[in-house]
Amino acid sequence: MDKQPGQPRNPTCQVYLAEIGDRFGQCREHPRAVDDMPRRRWTVAEIEAMVQAGVIDEDERFELIDGDVVPRSPKGSRHETYKGSLLDYWLRRRSDAYRIIPETTFRLDESSFLEPDIVFYDAKVKVPQLAPSNTLLAVEISDSTLAYDSGRKAKLYARYGVPSLWVIDVNTFVTHVFEKPSTDGFVTHRTITADEVLAPGFAPELAVKLSELPLI
């Protein structure tokens, strides 16, 4: 909410403004949480400005969900192996009708962005215009974040209309396929085992069995 006259600035905001200047106006804060602790609501523009100014390291891993900064855990070797192997497999087989991009900043609105492991999108779209409306599929590779990726994050993808989400658990090699987005989450959720064929509806040429995926 907007800072009212006579209220002290949030100390976190003071540091931010001292570093970058009062280019975004007054602080905005969440209503107090249930534990009565004040919460700072950030915007995508503010986060990007802090990265550009060097206040936040550009390699720091986090996402912004409804104004909350959500730190991401370091990527493990299993996560990177399967992400790289899937990218290699799919890029060798993709058609010209769509594009595949890894770990792009996926802006949802002014207070939310995610960083999916892999995104499929319409080939007519340029990367700066990438949005839920022109996304075909988002893929999350989970080694220690399955609950978050298939829970809060999945609901956010659905709320903004991403048509399909795959959450690939590289510990069990089960893929959680979410489809038919709604404001309350995805309507359908099914699982595909490592020995079953996994393929996007828009790209049957990318069909793969995780149990037979060549690892790089």
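The values are calculated or read from the model by the stated rules, or taken from the named source; none is laboratory data. Keep in mind that this is a model prediction, so the values were computed, not measured. We place every Cβ from the backbone using ideal geometry, glycine too, and count neighbours over all the protein chains shown.
Below are the figures for this structure:
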item: Yes/no for Ser111 being of a type in the set (S, T, N, Q), crowded, with 18+ Cβ neighbours inside 10 Å and out of contact with any His (no Cβ under 8 Å at 6 or more places or on another chain); result: yes
item: Residue among Arg107, Arg72, Arg99 that is not assigned by TED's automatic domain parsing to the domain that holds Ala207 and not aromatic (Phe, Trp, Tyr); result: Arg72
item: Single residue of Thr188, Thr135, Thr175 found to be of a type outside the set (A, V, I, L, M, F, W, C), touching a strand residue (DSSP E or B) at 6+ places or on another chain (Cβ under 9 Å) and free of Cβ contacts under 8 Å to residues at least 12 places away in the same chain; result: Thr188
item: Some residue of the stretch 160-168 being outside any strand (DSSP E or B), farther than 23 Å from Phe106 by Cα, out of contact with any Phe, Trp or Tyr (no Cβ under 6 Å at 6 or more places or on another chain) and without any contact (Cβ under 8 Å) to a residue 60 or more places away in the chain; result: no
item: Filter result for the condition that a residue is more than 27 Å from Thr191 (Cα to Cα) and in contact (Cβ under 8 Å) with a residue 40 or more places away in the chain, over Arg78, Arg93, Arg61, Arg72; result: Arg61
item: Only one of Ala154, Ala147 that is assigned by TED's automatic domain parsing to the domain that holds Val174, loosely packed, with under 13 Cβ neighbours inside 10 Å, hydrophobic (A, V, I, L, M, F, W, C) and in a helix (DSSP H, G or I); result: Ala147
item: Count - residues of the stretch 202-216 that are in contact (Cβ under 8 Å) with a residue 24 or more places away in the chain and in a loop (DSSP other than H, G, I, E, B); result: 6
item: Residue ID - nearest to Leu146 (Cα to Cα), chosen from residues in the stretch 169-194 that are assigned to a strand (DSSP E or B) and hydrophobic (A, V, I, L, M, F, W, C); result: Val174
item: The one condition in (1) in a strand (DSSP E or B); (2) touching a residue at least 60 places away in the same chain (Cβ under 8 Å); (3) not hydrophobic (A, V, I, L, M, F, W, C) that Glu140 fails to fulfil; result: (2)
item: Considering residues of the stretch 111-136 that are of a type in the set (D, E, K, R) and within 13 Å of the chain's Cα centre (by Cα) only, the residue farthest from Ala158 (Cα to Cα); result: Asp117
item: Those strands (runs of 3 or more DSSP E) lying entirely in the stretch 1-119 with at least 1 residues closer than 20 Å to Ser144 by Cα and either of a type in the set (Ser, Thr, Tyr) or modelled with pLDDT of 80 or more (or both); result: 62-65, 68-71, 98-102, 112-114
